[in-house]
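Okay, so here's the structure we're looking at.
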Amino acid sequence: PTADGQSPFANNGTIPDGTQVGFIQSPNPGASVLSTLIAGLTPGTVYTVQFRGNARNGQRPNLHIGIDGSSIVDIYHSSVGGTNAYRQVSFDFTAGSSSALLTLTNDITGDHTLLVDQFTIAPSISKWSIANWTGDATSGVDPTTSSPRPSSR
């Protein structure tokens, strides 16, 4: 849909990337899926996917994001209304191969439309890391320097 004021889908917020958006309208019953193949990935590298999202005024589509059939996140998306920018959506994933299938699914019951725009993907630059906790001895935590827990009164 275009943002020329003629479309009921894209006229309730500032479209971040031009005048066109993608939309995923939920059927009743069932699910609508928008998907794309992301190519040129380096296996084992963590990537950040970012995009903008919005919903038609008064609607709350249920967005399921998946990579290669694995669920990444499930969120209810609400409209931004007026001239506000679309909401930022961001997630990380680790590439398992040189390509990955990204799926966006809207499966809420009833007529609820999700708008998406301005997709980017790049290697993650997060300073956070994730490691399984196996115990104080291997974590680098020194139990002799920990603070006592405050007592509750």
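For region 1-126, the relative contact order is 40 percent, taking Cα pairs closer than 8 Å that sit 6 or more residues apart in sequence and dividing their mean separation by the residue count. The 3J(HN,Hα) values that the Karplus relation (6.51, -1.76, 1.60; θ = phi - 60°) gives for region 86-98 are, in residue order, 4, 6, 7, 10, 8, 7, 10, 8, 9, 5, x, 8, 7 Hz. Gly and Pro appear as x.
Summary of packing: across the peptides 34-42, 99-107, 116-124, the per-residue average of other C-beta atoms within 10 Å ranks them, highest first, as 99-107, 116-124, 34-42. Applying the Karplus relation 6.51 cos²θ - 1.76 cosθ + 1.60 with θ = phi - 60° to region 105-120 yields 3J(HN,Hα) values of 10, 10, 10, 6, 6, x, 8, 10, 10, 9, 10, 9, 6, 6, 7, 9 Hz, where x marks Gly and Pro.
From the P(r) of region 26-139, can you give the percent of Cα pairs sitting at distances over 20 Å? When all Cα pairs of region 26-139 are counted, 49 percent exceed 20 Å.
Each reported figure results from applying straightforward, stated rules to the coordinates on display, with no laboratory input. What you see is a predicted model; the values in this text were computed from it and never measured. With ideal geometry, Cβ positions are generated from the backbone for all residues, glycine too; neighbour counts draw on all protein chains shown.
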